[in-house]
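Where a number appears in this text, it was derived from the coordinates with a stated rule and is not lab data. As the structure is a prediction and not an experimental result, all values here were calculated from the model. Please note: Cβ atoms are built from the backbone with ideal geometry, for glycine as well, and neighbour counts cover all protein chains shown.
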Ligand SMILES: C[S@@+](CC[C@H](N)C(=O)[O-])C[C@H]1O[C@@H](n2cnc3c(N)ncnc32)[C@H](O)[C@@H]1O
């Protein structure tokens, strides 16, 4: 049958997706690569359905290949006979052990179907936890900053594996970045910390990330000007309404507008352009207008 790679989200049991929860509840066996993912999984699955896998803590590639081959041999028969799940924190396709399992199954057990259920990744969850908005038109790079390293270059970076925050911080500040840190965001285990003080994170904790933004980055979205506007009344500028082009004034409240109606066509084009601009997109017909 199938092996499902299920993303559990950052750690809080109620950030597992509805689909992820359904898969976990239906699975005959649920494998977890670590203690934290296991404790989230057990919020949704009885402990007797959690499977055991052994993973060595090693960087030796031969040893890792042997361990994944052994894990795949354990999982494959369970996935052939029924439904198995392999959980990871965050999303299974973002910096995750699930990729090793999928490749090993493809190589040695190609008869096993593999499907992925995406999860809320720390790559996106950090925005809400740290109060950061990645506005349309911004670029954002994902990097690692383990053992006090500090990658530089992009205007905005999410840094994973910040295991020596003070050392990483010093290098980032020297390179002209403002930095905010998040530790154990949306996690039931351990203390959640959000801070711009690296001294508060001097002890090592693998579940620490950073958001670094160049201090000279200039990004002012159109709506930022509202903050400076004293008069909150209707301006002469028409307010944007982006409702997917379905409901607008006297347009039909449901179903699709008729394609042969020129008024509707113009209206739809106006709304599509407004929506595209709101997302920072170039409306295809707008060039040269
Ligand atoms: C191997 S990556 C796993 C990423 C995961 N698959 C995801 O999509 O979020 C682990 C790194 O992600 C970051 N991370 C993951 N979950 C986190 C959380 N809840 N709070 C803070 N950082 C987290 C940390 O930087 C950690 O070192």
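For this structure, a couple of remarks:
- Highest-first arrangement of 84-91, 42-49, where packing means the average Cβ count within 10 Å: 84-91, 42-49
- Prolate/oblate/rounded call for the range 123-214, Cα gyration tensor, a/c under 1.5 rounded: oblate
- Compactness index (Cα Rg / 2.2 N^0.38 Å), the range 2-120: 0.96
- Residues 62, 12, 205 arranged by fewest to most Cβ contacts within 10 Å: 62, 205, 12
- Cβ crowding within 10 Å ranks 78, 35 as 35, 78, fewest other Cβ atoms first.
- Cα-projected label distance for residue 173 with residue 52, points at 7 Å along beta-carbon direction, nm: 4.8
- With the gyration tensor restricted to C-alpha atoms of the range 3-58, the semi-axes of the equivalent ellipsoid amount to 18, 13, 10 Å, longest first.
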